[in-house]
Amino acid sequence: MNRQLIRSYILLVAIAIALFTVPVAFTLTKQLRDDTKESVLREAKTMALLLGDGTTASCQALDKMAGAYGDETPGEVQVTGPPDCAAHLRGPSRDAALTEAVRDGKATTDWGSDFIWGRHLVITVPASKGDEVVGAVRIVYSTDQLTRRLWTIWGFRAGLAVAVLAAAAGLGAIVARRLTRPLRQLNEMASRFSDGDLTARSPVEGPPETQTLARTLNQAGERLDTLIASQRIFVADASHQLRTPLTALRLSLDNIADGVDDEFVREDVEQATAEVVRMSRLVNGLLVLARAEARVTATEPLPLWDIVKERLAVWRPAADERGVTIALRGSADGRLLVLASPGHLDQVLDNVLSNALEVSPDGGTITVRVEPRGDEVRIAVLDEGPGMSDAEKSRAFDRFWRGQGLTGRAGSGLGLTIVRQLVADDGGTVTLTDAPGGGLCVTTTLRAG
């Protein structure tokens, strides 16, 4: 928008310059042309009068005047007429202009070109004695000086126009930025909204229309922030309150299962217990997600290598039961730090490793790679499972979306959602790509501490 405003402003200034400067330049050019013609014509008529008089004094005056004119101006005087008058002056060539002047007794003017002028201005004036034309005076005037003055006229105005356009471009840029500043602030507010920052507000300034829009968006943001905060509080409270009865229900089902000998009843109790366990995982996931979205903690430098080793040690027993190998790779040392909130990276690794173990075939390998990349650190978890299609990758971070595992365990569908939220809170990113040789690669990028 800034560029469009600047271009429009420059275009208006250019049109104004063209409307005022070009006509003036043409007027000055015409005036220069007319003044030169009148001056040369006046001198030629004076010499023609002396030539027509034919007296000795007149001829001597003509000689002096022609000589002085040739010395002081870029013009040359040519004379044809009485042989005893100005005989040493060059005679004009016999052409149509000379013939017309002698025949009709009228002065002729030839600029040598239809476009402004040529190299010479040629003016021919008949010399009369009474009613009889006795000769003619021709002045061949070089237009080099006129051409230089013409370039001065147009060049000065062209340079002035360029300077004015440059100043207009600078002023237009300042004005455009000033006019679009409220829009940029609104755009920044919208960008922060899209990133999940519902506390973003736009200053109320600029034109009345922009101020009205800013007030409306600020009110909408406050309303939306209040509604989502209430939703998070409700989810957190509901999840917290549901944990206790679910735990009690699971204990009751376990007690019932221990005291029942009927195989059919035991099978029903085990199915009910599995559903309670799944519901407990779902409630715990909702509670974790609600806390993550609340952003109640700040990032701090944490020892990455220690956290990774600790979480791998926790998950290796579960992997060993199915013959799955968890391998740690990377060039990082124990001094590598990452900026993360306490507990966030632990939950991220737990969710990613849980998903990897869920899809890994028995006897497979889960590879964890830690790679520092300048100001960032990448933690990649690669499995040998079936992987994901592009459509599945686009939905993998949606709430309650569950992929196809291999162990038959039913997930809550919140694992990757929680991972993305926690990593985003710490200023990082999570991406899903195909692992070499098949499987899925989950890459978490965090800022180096």
Looking only at the range 96-112, count how many residues are touching a helix residue (DSSP H, G or I) at 6+ places or on another chain (Cβ under 8 Å) and among the acidic types (Asp, Glu). 1
The residue from Gly159, Gly170 that alone is at pLDDT 80 or above, over 30 Å from Gln31 (Cα atoms) and exposed (fewer than 13 other Cβ atoms within 10 Å of the Cβ) is Gly170
Identify the residue in the range 316-333 that is of a type in the set (Gly, Ala, Ser) and closer than 18 Å to Ile379 by Cα and, among all such residues, is modelled with the lowest pLDDT. Ala332
Of the residues that make up the range 362-385, is at least one part of a loop (DSSP other than H, G, I, E, B) and in contact with a helix residue (DSSP H, G or I) (Cβ under 7 Å, 6 or more places away or on another chain)? yes
Specify which of the listed residues (Ala68, Ala61) is without any contact (Cβ under 8 Å) to a residue 24 or more places away in the chain and within 25 Å of Gln145 (Cα to Cα). Ala68
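Here is a yes/no grid of residues against (1) over 30 Å from Arg177 (Cα atoms); (2) outside any helix (DSSP H, G or I); (3) open to solvent by less than 50 Å² (accessible area, probe 1.4 Å):
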position: Val13; (1), (2), (3): no, no, yes
position: Leu19; (1), (2), (3): no, no, no
position: Leu32; (1), (2), (3): yes, no, yes
position: Asp35; (1), (2), (3): yes, no, no
position: Ser39; (1), (2), (3): yes, no, yes
position: Arg42; (1), (2), (3): yes, no, no
position: Leu49; (1), (2), (3): yes, no, no
position: Leu62; (1), (2), (3): yes, no, yes
For the range 316-335, enumerate the residues that are exposed (fewer than 13 other Cβ atoms within 10 Å of the Cβ), part of a loop (DSSP other than H, G, I, E, B) and either more than 48 Å from the chain's Cα centre (by Cα) or acidic (Asp, Glu) (or both). Gly323, Asp333
Do we find that Ala313 is aliphatic (A, V, I, L, M), without any contact (Cβ under 8 Å) to a residue 12 or more places away in the chain and surrounded by fewer than 16 Cβ atoms within 10 Å (Cβ to Cβ) in this structure? yes
Hey, could you check the range 336-381 for residues that are among the β-branched types (Val, Ile, Thr) and closer than 15 Å to Gln421 by Cβ and say which is nearest to the chain's Cα centre (by Cα)? Val348
Subset of the range 77-96 that is assigned to a loop (DSSP other than H, G, I, E, B) and small (Gly, Ala, Ser) - its residue that is farthest from Lys129 (Cα to Cα): Ser93
Kindly indicate whether Arg184 is at pLDDT 70 or above, of a type outside the set (S, T, N, Q) and in a helix (DSSP H, G or I). yes
How many residues, within the range 187-207, are in a helix (DSSP H, G or I), surrounded by fewer than 12 Cβ atoms within 10 Å (Cβ to Cβ) and not small (Gly, Ala, Ser)? 0
Quick count over the range 107-141, residues being under 15 Å from Thr36 (Cα atoms), of a type outside the set (A, V, I, L, M, F, W, C) and open to solvent by 40 Å² or more (accessible area, probe 1.4 Å), is 5
The residue from Leu357, Leu339, Leu353, Leu349 that alone is among the aliphatic types (A, V, I, L, M), open to solvent by 20 Å² or more (accessible area, probe 1.4 Å) and either part of a strand (DSSP E or B) or without any contact (Cβ under 8 Å) to a residue 60 or more places away in the chain (or both) is Leu339
Output for the range 173-183, where each listed residue is over 19 Å from Ala16 (Cα atoms) and either touching a Phe, Trp or Tyr at 6+ places or on another chain (Cβ under 9 Å) or open to solvent by 90 Å² or more (accessible area, probe 1.4 Å) (or both): Ile174, Ala176, Arg177, Arg178, Leu179, Arg181
Report every pair of residues separated by at least 6 positions or lying on different chains whose Cβ atoms are under 9 Å apart, first residue within the range 95-124 and free of Cβ contacts under 8 Å to residues at least 24 places away in the same chain and of a type in the set (Gly, Ala, Ser), second in a helix (DSSP H, G or I) and surrounded by fewer than 19 Cβ atoms within 10 Å (Cβ to Cβ). none
If Thr73 satisfies every condition in (1) surrounded by fewer than 19 Cβ atoms within 10 Å (Cβ to Cβ); (2) touching a strand residue (DSSP E or B) at 6+ places or on another chain (Cβ under 6 Å) but one, which is the exception? (2)
Scanning the range 387-398 for residues that are touching a Leu at 6+ places or on another chain (Cβ under 8 Å) and part of a loop (DSSP other than H, G, I, E, B), which turns out surrounded by the most Cβ atoms within 10 Å (Cβ to Cβ)? Ala396
Pairs, please: C-beta under 8 Å, at least 6 apart or cross-chain, first residue among the acidic types (Asp, Glu) and in the range 431-447, second part of a loop (DSSP other than H, G, I, E, B) and open to solvent by less than 30 Å² (accessible area, probe 1.4 Å)? Asp434/Gly387
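The values are calculated or read from the model by the stated rules, or taken from the named source; none is laboratory data. Being a predicted model, the structure only gives us computed values, none of them experimental. Reconstructed Cβ throughout: ideal geometry from the backbone, glycine too, with neighbour counts over all protein chains shown. For accessibility, only protein heavy atoms count, side chains too; no ligands or nucleic acids. Shrake-Rupley method; radii C 1.70, N 1.55, O 1.52, S 1.80 Å.
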